[in-house]
Amino acid sequence: MNSQFGLLHVWTQGDFVTRAVLLALVGMSLASWIVILIKALDVVRAKRQAARVESFWHSSDMAEGLAKLGQGEGNPFRDLAVEGREAAAHHRATKAQLHDTLDVSDWISSALRNSIDHTTSGLQVGLAILASVGSTAPFVGLFGTVWGIYHALMNIGAAGQASIDRVAGPIGEALIMTALGLAVAIPAVLGYNALVRGNKFILGKLNRFAHDLHAYYVTGARITAASSDGNIVAMKKG
């Protein structure tokens, strides 16, 4: 008797709407888990890169510092340092022609901000999918439940029998759709919240690093908050 009920029975006995709802929920679940796994790996990698920032400031020159931050694309901290270095070099090289009225501090701040904005856009890729899945999956499942109950009641009415054994099975199968909707939505919501927290941590590290880089490229030294009078950590601009 139990073999007559369950997801397989829902699929084989359901119409195209029921099957479309099941496929939609499966697709939404796959999409959300793929985004969660990929973005979680990105967050873990970015946190490891953030841990190298302090060693950057203990380098003898810029080339060594960039090497300590790590090679390869997708390193927002290295990209930030390179962007600031290129902005400072560009300002010095073209000041007589293009930047007579543009302060070096504003120029470097703009370059660093553009780099952070680019990183922010990359960190937010995929989060809209999780938000959409988390907000719509329960309603998709509920729609499947309503549709399934409607057809179950129609079939029971056509058969002319309304005993509990004929009602419980079809109604229970229809309620599975609501459970599936919740099973898809809950991981998406939890993953979204976790990724947002991870992104905030990374952006906080980037903003602090950008502040130190700004001071370094403008004054030639990093300003630290170790004491009230302000300590500086000098590094050659290699």
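Distance between the 7 Å Cα→Cβ label points at Ile38 and Arg52: 2.3 nm.
Summarising the label geometry, the points placed 7 Å from Cα in the beta-carbon direction at Val82 and Leu182 lie 4.9 nm from one another.
As a footprinting exposure proxy, order Arg113, Arg197 by other Cβ within 10 Å, with the fewest listed first. Could you put the intermediate results ahead of the total?
Details: Arg113 14, Arg197 10.
Ascending Cβ contact count within 10 Å gives the list Arg197, Arg113.
Separation between the Tyr150 and Val125 pseudo-spin-labels, each 7 Å from Cα along Cα→Cβ, expressed in nm? Simple spin-label model gives 4.0 nm for this pair.
Taking θ as phi - 60° and the Karplus parameters 6.51, -1.76 and 1.60, the scalar couplings of the stretch 27-35 work out to x, 5, 5, 4, 4, 5, 5, 5, 4 Hz in sequence order, x denoting glycine and proline.
Any read-out appearing in this document is the output of simple, stated calculations on the displayed coordinates, not a laboratory observation. Computed from a prediction, not measured in an experiment: that's the story for all the values here. Every residue, glycine among them, receives a Cβ derived from its backbone with ideal geometry; neighbour counts consider all protein chains shown.
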